[in-house]
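Below: one structure, written as structure tokens.
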């Protein structure tokens, strides 16, 4: 994944008091499932700090960017854009094309929080539906990234971790790396 062009996740919109956990989970899912960075609005600084804290504790690399100009990030992106929306084409129908494109150029994955304006649909190279039913944007992002990376993200090695989860059949075990 690090030998491929960048994958960034743009969290378009954030409603303070309503989207805190959801925005944090978008960023944590992006990190855990192979993206290189998440871009959040400047009204989501609490979520940004949560994601940075997890990255510091459990490893990276992963970057968190906060900006007041989310639409400019989308407008000026030099690469392909995949907009996740339940109104889009089925992910299974476009995943191979998106994967092929990503071999050559960076990919911006747009995840909305509130009603997304039509210009986002027009800017996107693909409007992608993980399912055409109402569901969580976190679930949609997770399925999309897994399809993009074809499961390779699950074997990722984490750098500079203070804590490492030790997989086991029952119980919880977290250790400091040696």
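Numbers for the structure displayed
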read-out	value
Of all residues making up the range 133-163, the number that are farther than 30 Å from residue 99 by Cα and touching a strand residue (DSSP E or B) at 6+ places or on another chain (Cβ under 8 Å)	1
Residue check for residue 177: loosely packed, with under 15 Cβ neighbours inside 10 Å and over 23 Å from residue 52 (Cβ atoms)	no
Cross-chain or 6+ apart pairs with Cβ under 6 Å, the range 68-85 first and under 12 Å from residue 119 (Cβ atoms), then at pLDDT 95 or above and part of a strand (DSSP E or B)	81/108; 83/110; 83/127
Odd one out for residue 86, checked against (1) at pLDDT 95 or above; (2) farther than 19 Å from residue 33 by Cβ	(1)
Members of the range 58-67 that are surrounded by 13 or more Cβ atoms within 10 Å (Cβ to Cβ) and either modelled with pLDDT under 95 or not in a strand (DSSP E or B) (or both)	58, 59, 62
Single residue of the range 146-171 satisfying the filter (touching a helix residue (DSSP H, G or I) at 6+ places or on another chain (Cβ under 6 Å) and either outside any helix (DSSP H, G or I) or at pLDDT below 95 (or both)) that is surrounded by the fewest Cβ atoms within 10 Å (Cβ to Cβ)	162
When residues of the range 15-37 are limited to those that are at pLDDT below 90 and in a helix (DSSP H, G or I), the one farthest from residue 152 (Cα to Cα)	20
Sole residue being modelled with pLDDT of 95 or more and more than 14 Å from residue 9 (Cβ to Cβ), chosen from 97, 114	97
Hits in the range 113-145 (condition: under 16 Å from the mean Cα position of the chain (by Cα), in contact (Cβ under 8 Å) with a residue 60 or more places away in the chain and surrounded by fewer than 17 Cβ atoms within 10 Å (Cβ to Cβ))	136
Among the residues listed as 40, 70, 12, the single one being buried (at least 17 other Cβ atoms within 10 Å of the Cβ), in contact with a strand residue (DSSP E or B) (Cβ under 7 Å, 6 or more places away or on another chain) and at pLDDT 95 or above	40
Total residues in the range 78-111, condition buried (at least 18 other Cβ atoms within 10 Å of the Cβ) and either within 22 Å of residue 27 (Cβ to Cβ) or under 15 Å from the mean Cα position of the chain (by Cα) (or both)	15
Members of the range 78-107 that are over 17 Å from residue 143 (Cα atoms), in contact with a strand residue (DSSP E or B) (Cβ under 7 Å, 6 or more places away or on another chain) and assigned to a helix (DSSP H, G or I)	101
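The values are calculated or read from the model by the stated rules, or taken from the named source; none is laboratory data. All of these numbers come straight from a predicted model, not from anything done at the bench. We place every Cβ from the backbone using ideal geometry, glycine too, and count neighbours over all the protein chains shown.
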